[in-house]
Each structure stands twice: as C-alpha cells, then as structure tokens.
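Undergrad: Submitted below is the structure of interest, expressed as structure tokens.
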Amino acid sequence: MSGPRIGFGYDAHRFGGEGPVMLGGVSIEHGSGVIGTSDADVASHAVCDALLGAGALGDLGEFFPSDDQQWSGADSMEFVSACGRMVREAGFEIGNLDVTVIVQSIRVSPHRQAMRENLAAALGLRIGDVSVKATTTDGLGWIGSDEGLAAHAVVVLYS
C-alpha cells in the first residue's frame with residue numbers, strides 16, 4: 001500500500017560538562033553542555049529516528065552506534081543528512097517535519113528560525129515544511145528540575 005507513512009522519534013540527554021548545547025544544528029550558550037557520544041543534539045537525533053521509523057529502516061543507533069568512538073563529538077546534522085538520503089534511497093520523499101524540544105532552562109524561540117533553516121537544508125526541504133516548537137514541564141520531573149532535555153519529532157514520508 002502506498003501513501004503517507006508517519007514516523008515518530010524521541011531523544012533525551014542529561015546536562016553535564018561544558019557547553020554549548022546543540023539543538024537542530026544551532027549552538028546555544030548554556031551553563032553546561034549535554035552528555036552524549038556525538039554533539040548530543042536531541043532535536044537532530046529525534047528527527048533521525050522519525051525518518052528511519054517512517055521508512056521502517058531501523059533506528060539511529062543501528063547506523064551511528066554510541067559505542068563506536070568514530071562518532072565521538074560528531075556533528076548530528078550530518079546524521080540528519082545521511083538519514084534523509086537513506087529514506088530517499090528507499091524510495092520515499094519527505095513531506096514535512098515537526099519537532100518539539102522539551103527543556104526547562106533554554107529559550108528555544110530565539111533560535112527557532114535557525115533550527116528550521118538547518119533542518120530544512122540538511123533534508124533538502126522548504127522552510128515551510130519544517131516546524132520547531134518548544135515546551136517546558138513546568139518544573140515537573142527530571143527535565144523540570146533541569147537535569148537534561150529531550151525532543152520529539154514526527155515526519156511524514158510519501159512513497
């Protein structure tokens with residue numbers, strides 16, 4: 001059956017070490033960095049899993065495993081570009097992308113446009129096909145106590 005396919009992605013990382021924080025390929029100054037193998041860009045990682053999931057191609061860890069040191073400090077926007085190529089090589093076109101960043105202490109709105117531009121460029125999409133939003137947990141849970149951040153992404157593919 002052809003038609004739209006929907007993929008959902010999620011990623012979360014703990015704050016730690018020195019900044020900056022990377023979100024959607026944008027470097028954001030913050031009191032600490034994010035712990036992860038690559039640049040720990042939760043928005044980009046969620047986008048990758050949404051793309052791969054919609055194409056039934058696996059998940060980010062299959063292609064860029066966290067226990068492989070070649071990805072240490074890697075630019076996650078390269079992962080986004082690679083995942084975009086993978087879904088296209090599998091016969092899909094990307095319809096649109098929607099990302100929600102969940103973080104207590106970082107204001108995403110000043111960086112939203114740059115994030116949209118970076119994600120659109122990495123995937124060969126029009127800016128109007130990429131949405132970036134943010135929310136907090138109003139002080140609830142580990143995100144609310146500012147221990148880390150997370151992101152959700154949804155993508156629509158067409159065959």
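The values are calculated or read from the model by the stated rules, or taken from the named source; none is laboratory data. These numbers were taken from a predicted model, which means no experiment stands behind them. Virtual Cβ from ideal backbone geometry, glycine too; neighbours counted across all protein chains shown.
Undergrad: Give me a count of the residues in the stretch 129-141 that are free of Cβ contacts under 8 Å to residues at least 60 places away in the same chain and not in a loop (DSSP other than H, G, I, E, B).
TA: Going through the stretch 129-141 one residue at a time, the tally reaches 7.
Undergrad: Need a quick list: strands (runs of 3 or more DSSP E) entirely within the stretch 1-43 having at least 3 residues that are farther than 17 Å from Asp75 by Cα and in contact with a strand residue (DSSP E or B) (Cβ under 8 Å, 6 or more places away or on another chain).
TA: The strands (runs of 3 or more DSSP E) meeting that bar are 4-14.
Undergrad: Continuing with the same structure: Find all pairs meeting these conditions: Cβ atoms under 6 angstrom apart; at least six residues apart or on different chains; first residue within the stretch 71-85 and of a type in the set (Ser, Thr, Tyr); second residue assigned to a helix (DSSP H, G or I) and modelled with pLDDT of 95 or more.
TA: Ser76/Ser44; Ser81/Ala122
Undergrad: So in the stretch 129-149, with the set limited to residues that are surrounded by 12 or more Cβ atoms within 10 Å (Cβ to Cβ) and acidic (Asp, Glu), which one is farthest from Gly33 (Cα to Cα)?
TA: Asp129
Undergrad: Where residues in the stretch 16-52 are closer than 18 Å to Arg85 by Cα and free of Cβ contacts under 8 Å to residues at least 60 places away in the same chain, which of them is surrounded by the most Cβ atoms within 10 Å (Cβ to Cβ)?
TA: Cys48
Undergrad: Which of the numbered conditions does Ser72 fail, given that it passes all the others? Conditions: (1) more than 15 Å from the chain's Cα centre (by Cα); (2) within 20 Å of Val101 (Cβ to Cβ).
TA: (2)
Undergrad: Restricting to the stretch 105-128, give me the number of residues that are surrounded by 15 or more Cβ atoms within 10 Å (Cβ to Cβ), part of a helix (DSSP H, G or I) and out of contact with any helix residue (DSSP H, G or I) (no Cβ under 7 Å at 6 or more places or on another chain).
TA: 4
Undergrad: Another question, then. Among the residues of the stretch 54-104, what is the count of those that are buried (at least 18 other Cβ atoms within 10 Å of the Cβ), at pLDDT below 95 and in a loop (DSSP other than H, G, I, E, B)?
TA: Final tally of qualifying residues: 1.
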